[in-house]
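The block underneath contains the structure these notes are about, expressed in structure tokens.
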Amino acid sequence: MTGYAGKLVGAILGWILFHNPFGALIGAFLGHFYDSVAARPRQTPLGSGFIEPLFAFAGALAKSDGRISQQEIDAAEALIARLNLDAEQRRAAIERFSVGKQPDFNVNIALGDLQHWCQGRRDHAFIVLDLLLDLVHAEGPLAGPKLALMRRLCAVLHVSEHELAALSAMRGYSAWQGPRGPAGNGPRPQPPRPSEVDPYAVLGVERTADERAIKQAYRRLMSQHHPDKLGSDVPDEVKRRSEQRSREINAAYERIKSERGLK
């Protein structure tokens, strides 16, 4: 019956409005389009649609240098916990991570799905990159293949490598440190304390930048990372990180102003 509800209601309304069979036929025809739209499957909400491609890409990222370390496994598990996934989402995340680490996995599919989820929105792009940072830096300095994959992700999300380095600085990670050697599997360095984070790196500007450039960088970053731009259907962890990023940007800007005596 649900597949014919629009046609039936349309026919009745057409008869009432036009008082003839031709009007009823027009109403039924318009009702047909309503039934067609109503029968289409609903799209996955933006709040969860990125989970499977995110973890598939994470699997490919972890495996890109030939092996998956315990640090990378711990980082993936921590990401699942941070996102507070339910049982079904957790199962899907683990499954897609396992698929992504296979040698024949086509990473372009995950890249395309993440690009589709972002829909050209830079705030969504920064969410994706932010969630991956702990995994990216799980082993310290980046291996060449991992860096190459991150550059490909940045390219499809239209985020510059300079912006990604600034985002890393906000999280307490140094900017790209270059490939690590084959034996470079030492303990993961601890992120620096807030007082040790370079405020210029957070804003993505050189220390020689003038006041105007610093203000422009600050306003641009606040516009990109402001939590009010997020939809209501994103996980709580994403909202929390967006709020924290805004605080980090503000703190970096205030520190620079204090050091330079700016108002």
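Observations on the structure shown:
- Looking only at the stretch 93-112, and only at residues there that are surrounded by 16 or more Cβ atoms within 10 Å (Cβ to Cβ) and among the small types (Gly, Ala, Ser), the one that is farthest from the chain's Cα centre (by Cα): Gly100
- Asp130 vs. criteria in contact with a helix residue (DSSP H, G or I) (Cβ under 8 Å, 6 or more places away or on another chain), touching a residue at least 60 places away in the same chain (Cβ under 8 Å) and either among the small types (Gly, Ala, Ser) or not in a helix (DSSP H, G or I) (or both): no
Okay, residues lined up against (1) at pLDDT 80 or above; (2) buried (at least 16 other Cβ atoms within 10 Å of the Cβ); (3) in a helix (DSSP H, G or I):
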| position | (1), (2), (3) |
| --- | --- |
| Gly172 | no, yes, no |
| Trp176 | no, yes, no |
| Gly186 | no, no, no |
| Gln224 | no, yes, yes |
| Asp228 | no, no, yes |
| Val238 | no, yes, yes |
| Arg255 | yes, yes, yes |
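- Filter pass, Arg121 being at pLDDT 90 or above, surrounded by fewer than 21 Cβ atoms within 10 Å (Cβ to Cβ) and either of a type in the set (Lys, Arg) or within 30 Å of Ile249 (Cβ to Cβ) (or both): no
- Gln70 being modelled with pLDDT of 90 or more and under 26 Å from Asp104 (Cα atoms): yes
- Annotation note: of Ile51, Ile94, the sole residue that is farther than 16 Å from Val107 by Cβ and at pLDDT below 90 is Ile51.
The values are calculated or read from the model by the stated rules, or taken from the named source; none is laboratory data. Here the structure is a predicted model, which means the values were calculated and not measured. Positions of Cβ are generated from backbone atoms using ideal geometry, with glycine treated the same way; all protein chains shown enter the neighbour counts.
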